[in-house]
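Right, one structure below, let's go through it.
The values are calculated or read from the model by the stated rules, or taken from the named source; none is laboratory data. Source: prediction; values computed, not measured. Cβ sites come from the backbone with ideal geometry, for glycine too, and all protein chains shown count toward neighbours. Protein only, heavy atoms only, side chains kept; ligands, DNA and RNA dropped before computing areas. Shrake-Rupley method; radii C 1.70, N 1.55, O 1.52, S 1.80 Å.
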Amino acid sequence: MKIKDKFEKAEFCPECGAPLVDNMSCWEQLGGIISWEYDDPELLAEHFKTVACYNLQHPAQFTDEAIAGLKTALIEHLDKGLSVPDIRRRNSKSYEGNRRVLKDISKRCPVQRTWKMTISDVYIPHCPEKAAERVRQWAAAIREEL
Ligand SMILES: [Zn+2]
């Protein structure tokens, strides 16, 4: 058995509850999915969902207002087909004047929540096939729980 040292990463994410995958944290798994986008136009087309899902399951770094805006954007995108360019246009309007999106580090307070699907259901190492499909399922599962 491997001896754990105190610098080893937590086995489960303190925010979304996902397990490490190949010793990769959620953030690293997100990087893995994004690296697949280069070879997968279908996955690239779901980029907004990938990032929105990740951020909604890791809200501690964001202001409450930024998270509320992201929830609304994902809901309208999924339910009403609001396009990604329209979401961007709306965001650039509402963030005029550099309103803050990130909380001060001292005010971040991760709270673990249990979700039906997390990034570890989407990031399956060496299995980029059907990743776009998994991203859509992930978004739909989060949508139900918002
Ligand atoms: Zn996580």
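Structure data summary
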read-out	value
Convex hull volume of the chain per residue (C-alpha atoms, cubic angstrom)	130
Segment 15-84, Rg to Rh (Cα coordinates; Rh as Kirkwood inverse mean 1/r)	1.00
Across 49/80; 71/130; 9/49; 49/130; 71/116; 49/107, pairs whose alpha-carbon gap is larger than 20 Å	71/130; 9/49; 49/107
The chain, accessible surface, carbon-and-sulfur percent (1.4 angstrom probe)	56
Packing rank of 66-76, 120-130, 47-57, 104-114, where each peptide gets the mean count of other beta carbons within 10 Å, highest leading	47-57, 66-76, 120-130, 104-114
Sequence of 27, 138 when ordered by accessible area, the most exposed leading, probe 1.4 angstrom	27, 138
